[in-house]
Each structure stands twice: as structure tokens, then as C-alpha cells.
1. Quick one: length gained pulling C38 to V84 fully straight, 0.36 nm per residue minus the C-alpha distance?
2. Counting Lys +1, Arg +1, Asp -1, Glu -1, what net charge surrounds C72 among other residues with beta carbon under 12 Å of its beta carbon?
3. Given points 7 Å out from each Cα along the Cα-Cβ axis, report the Y71 to K91 separation in nanometres with one decimal.
Amino acid sequence: MEKKYGQRSQVCANPETFKKALEILKAKMMIPVRCWSCGKPIGHLWEEYQARLKKGEDGKKVMDSLGLDRYCCRAQFLGHVDLVDTAAQFKKF
């Protein structure tokens with residue numbers, strides 16, 4: 001079957017399936033895998049950082065314990081804005 005532009009895919013046709021796919025996207029953050037300045041791998045630390053902040057721990061102490069010593073790596077975490085919900089609203093061609 002030929003797909004036309006603007007036509008919904010099978011994943012988006014069912015609202016429940018779309019909600020499940022959106023939850024999967026929310027779980028996988030769009031944080032960079034590596035720091036843009038120094039190149040240190042930081043993407044694997046994001047989920048633990050968010051979980052510990054939700055528990056009420058201090059952000060500075062959490063970053064120190066995760067090994068984020070450089071200010072460039074800290075800036076990636078402090079300046080990150082979750083745009084997954086916004087990006088998921090647009091159609092894919």
C-alpha cells in the first residue's frame with residue numbers, strides 16, 4: 001500500500017497506541033549523549049539525575065555524586081528543556 005503525504009501511519013491511527021508510543025518517547029529523553037564542549041558521555045546520567053531531583057535532593061550534590069564536575073556538562077543538565085511533547089505534535093512525512 002502506497003503511503004501519501006499527510007496520511008496517518010498505523011501507529012497514529014489508534015489513539016491508545018499513540019498514547020503508548022508517546023509515553024515511550026517521554027521515557028527516552030532528547031538529552032545529548034555527549035557534552036557538546038568537552039565530549040564527556042553524559043546521556044546515561046539523565047534519568048538518575050531526574051529521579052533524584054524528584055526525591056528532593058539538592059541539584060549540586062546530585063551532579064557532584066554523578067561525576068559532573070565540569071561547568072560545561074552541568075550546563076547541559078541545567079539548561080535542558082524537554083521538547084519531546086512539542087516535537088511529537090508535528091506530522092512526519
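Nothing in this text is a laboratory measurement; each read-out follows from the coordinates by a stated rule. Just so it is clear, the structure is predicted and the values come from calculations on it, not from any experiment. FYI the Cβ positions are ideal-geometry reconstructions off the backbone, even for glycines, and counts take in every protein chain you see.
1. Numbers: separation 46, 0.36 × 46 = 16.56 nm, distance 2.51 nm.
Fully extending the segment from C38 to V84 adds 14.0 nm.
2. The answer is +3.
3. For the pair Y71/K91, the computed spacing is 4.6 nm.
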